[in-house]
1. If contacts are Cα pairs under 8 angstrom and at least 6 residues apart, what is the relative contact order of chain B in percent?
2. Give me the lysines in straight-line cross-link reach of residue A:388: C-alpha distance below 30 Å, same-chain residues under 8 apart excluded.
3. I need B:342, B:150 ordered by Cβ neighbour count within 10 Å, fewest first.
4. Go through B:285, B:267, B:145 and say which Cα lies farthest out towards the positive end of the charge dipole of the protein assembly as shown; charges sit on Cβ, +1 for Lys and Arg, -1 for Asp and Glu.
5. Calculate, in nm to one decimal, what residue B:399 and residue B:72 gain on full extension: separation in residues at 0.36 nm each, minus their alpha carbon distance.
6. Summarise the partner chain shielding of A:310-321 as one whole number: the mean count of Cβ atoms from other chains within 10 Å of each residue's Cβ.
7. Once every DSSP H run of n ≥ 4 in chain A is given -39500 (n - 2.57) and the sum is divided by its residues, what mean residue ellipticity at 222 nm do you get, rounded to the nearest 500 deg cm²/dmol?
8. Give the residue from B:34, B:380, B:79 lying farthest towards the positive end of the charge dipole for chain B; charges sit on Cβ (+1 for Lys and Arg, -1 for Asp and Glu) and the dipole is referred to the Cα centre.
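Every read-out reported here was derived from the displayed coordinates using simple, explicitly stated rules and does not represent laboratory data. The structure presented is a predicted model; accordingly, all values stated were derived computationally and were not measured. FYI the Cβ positions are ideal-geometry reconstructions off the backbone, even for glycines, and counts take in every protein chain you see.
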Amino acid sequence: MPSSSPPQRDPVSELPAQAADEFQTRLAARLHQPDVAEFDTSLFTWPSHPAATEYTSLDWIAFPERVNACLGRRLALHLLDTPHDVIGEGGRSLQEEYAEWRVARGPGGITDVEITIETADYWRILAAHSPERVVELVGEFSSKEEPDVSLIYGALDPFAPGVTVSSREAAFADTMLAGGRSSYNNGAQGIVCMVHPDNSMTALLRLAVAACTPFEVTDSDDGPFRSATCLELAPRLKSAAQLGRASDPLIVERLARLAFEGRRVSLDFPAPLSITGIESSRLRTPSGKPVPPNWFRLSRPMRPDRPQAPRHQRVSLQVPQEERFCVSDLTDVATGEAVASGGQVADLVQISLHLLGSATSDVHRVSIDVSNDLDDLDCEDIRRKTAKHEGVDPS
Amino acid sequence: MRDRIQHGIYHRHDEKPPPAYRLLLLNIRRGATSEETRRGLAEIWNMLNDLMEGHVRDLQGQPEPHLSATRSQFSSLDALISYGRRFFDGGLHDPHLSKLACPSYLAYLDRESPFPALAWSPQSTVGECDIAFQFTAHSVAAVNCAAVEVWKLTGDRGLPLEVVATYDGFGRVDGRGWLEFHDGVSNMPSQLRTAALQARTDPEWMEGGTYMVYLRIRVDLETWRKLDRAQQETAVGRDKLTGSALQSIEEGPEGEIIPIARPFPDVDASPEEQTAWRDPPETTHPLIEASHVHRANQTRASPGAPGSLRMFRQGYEFLAGIGPDGPHLGLNFVSFQRDLRVFQHVMHLPGWLGDVNFGGESGSANVTRAPSFLTLDAGGFYAVPPQAQGFPGATLFDT
């Protein structure tokens with residue numbers, strides 16, 4: 001790999017400064033795209049408004065709640081782990097809570113579950129501007145000292161003189177993202193970043209803008225006035241949010257509430273999503289002892305400048321070799337079951353969305369009439385994706 | 001989905017839990033068949049329905065006005081039947097009592113460490129069983145008599161069920177608990193409760209039912225009362241006298257904390273002010289975020305958002321006795337939710353109740369900032385099937 005003097009880094013991320021600027025610019029431009037601009041964008045700001053200094057966050061569990069509700073737990077766990085390249089049937093296409101995972105199995109069972117919340121939007125920029133770093137990280141994630149660059153950039157040599165950033169990005173996207181999905185990102189050899197289209201910054205921004213509208217609901221003639229619920233807002237979101245998920249409805253309600261309070265709101269850049277908690281206390285070893293929290297290895301801190309809140313993007317669960325058992329030998333006390341799937345590990349992982357808001361202020365709210373008859377669970381797309389597994393006994 | 005949730009869960013509009021509570025835990029005798037168990041439960045259920053109409057087995061033929069007095073005694077009685085993990089345990093019940101699937105999160109509480117921040121008390125006792133009956137009523141006599149009537153019937157009729165434990169509780173008309181704070185202020189508006197309660201299919205026999213968590217939590221009142229009012233309010237997240245939510249915390253000249261609550265609305269308050277005292281704007285103060293009311297409901301979202309982890313709480317205080325070492329008292333924590341997974345997350349997640357015993361800053365060396373005064377005397381998880389022909393859960397015994 002050719003060496004060159006490292007470009008100036010963004011102070012709070014691994015991106016070169018120019019790339020960080022481009023990332024910001026791209027996301028800002030997203031607000032002007034027609035499918036976002038159709039919403040009232042007055043209270044959602046990007047980059048964040050100077051008055052948006054109050055921090056708040058919300059969290060959810062990485063396990064796909066809607067898939068579980070639509071398919072039942074056993075089939076959901078089975079299909080969520082199905083490998084790898086078959087987009088549209090299971091696996092990553094069902095991992096829809098801003099977290100995606102791969103499961104590594106050995107002769108004794110599961111040896112490793114790796115979960116990432118890194119977005120493809122970020123990796124496109126990284127791949128365009130920092131091919132050395134991309135190759136280094138892919139090597140780290142796939143445990144390869146010298147990863148095959150052609151499985152990252154396809155036929156393009158990303159280090160060749162004259163190669164443009166846009167050609168690198170396009171080659172990376174063709175090879176590693178939805179169109180191609182090399183084995184370094186389809187779970188076979190590794191997982192690098194999320195590929196589900198809804199697990200993206202572009203989708204998250206649309207959702208955030210759509211939700212950040214000051215609606216109010218009056219339950220009776222004399223109040224109380226309140227912020228709308230996700231079910232009440234659903235018809236106004238134009239498919240920006242998916243009901244039944246753990247994440248989207250929560251994001252909708254929190255942003256709607258902040259708007260109701262007259263706050264200007266922004267995502268807390270550069271890492272609005274992070275892994276903030278692990279329910280390691282639910283797992284037991286074969287001898288019944290609690291699993292030490294450090295068997296979950298958090299990595300990819302996106303705010304290394306803030307050691308108290310590093311905003312990790314990745315976590316893996318492995319049993320240390322000296323223990324002579326594997327992940328499949330652990331038991332979840334919440335179910336009494338052995339860990340037989342990645343979904344069970346995702347059920348232990350807490351994802352947070354970090355927001356900034358200004359102080360409360362008076363705001364003109366739009367009063368909405370609501371119906372309580374809305375269905376909170378739409379399974380149609382999931383059933384379509386998994387139709388051929390209907391009636392299958394996953395055992 | 002039509003509301004088929006059993007009586008005894010007071011989630012419907014204008015319903016309030018009556019003040020008397022008793023939980024009766026029963027096990028099915030080893031070797032009893034599914035059919036014997038079904039017949040036994042049907043007899044108990046029929047007897048309880050008769051009791052609610054004032055018919056006591058030992059008082060058959062009772063003339064008026066005595067019958068009327070007995071009817072009045074039991075008129076407010078509600079009985080709820082639920083099924084514990086043990087019911088589905090093939091290691092304990094051979095042959096299996098049911099061919100239907102055990103719900104995934106209907107698990108035993110871990111004997112070593114039930115929850116990361118709530119340990120067993122040294123006096124812990126049985127809380128798991130096959131069948132749990134919850135009795136609620138306006139009078140203590142009604143719930144106590146109901147429990148004893150079950151015991152009488154099992155003996156008189158040789159039913160394959162035996163009582164293993166019972167726990168009582170009471171509610172206060174002022175809505176406060178032993179900590180002297182209002183409890184239940186954050187419970188949901190009635191129109192949202194069904195969404196938080198009602199189970200979906202998976203397993204199918206639970207569709208339209210709900211799940212119960214029962215935890216008999218011992219409160220070390222002496223430790224709690226060592227905290228001054230400001231410390232208590234900061235731990236709870238509410239004003240002690242009014243129940244208003246805290247909106248900020250200031251620091252006094254000596255570094256002491258001064259919690260500031262939302263003003264309690266007077267009679268002329270606007271609808272928005274009426275709402276704000278119990279449901280204040282989003283907080284950004286880390287101490288308020290760490291308080292009990294925020295930890296127990298971090299998202300503040302509606303139950304239509306599955307990630308909101310909402311549950312419907314219906315707890316009852318208890319006083320088991322007072323001795324030289326002080327009172328033995330606490331809370332029968334009772335919650336109903338559409339999935340037990342919700343409760344497990346609340347109790348295991350850091351930032352929720354997974355990293356503090358009650359409320360306050362996780363890992364704080366200052367005990368006044370993260371008081372620890374709760375332990376677990378008994379507890380169990382229960383499936384509460386929907387109302388049904390015969391009795392709730394009768395389909396479990398279908399062959």
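1. Value for chain B: 26 percent.
2. Qualifying lysines at Cα under 30 Å: A:238, B:99.
3. So the ranking, lowest neighbour count to highest, is B:342, B:150.
4. Working it through, the farthest residue towards the positive pole turns out to be B:145.
5. Gain in length upon complete extension: 113.8 nm.
6. Neighbouring Cβ atoms belonging to other protein chains average 0 per residue here.
7. -8000 deg cm²/dmol
8. B:34
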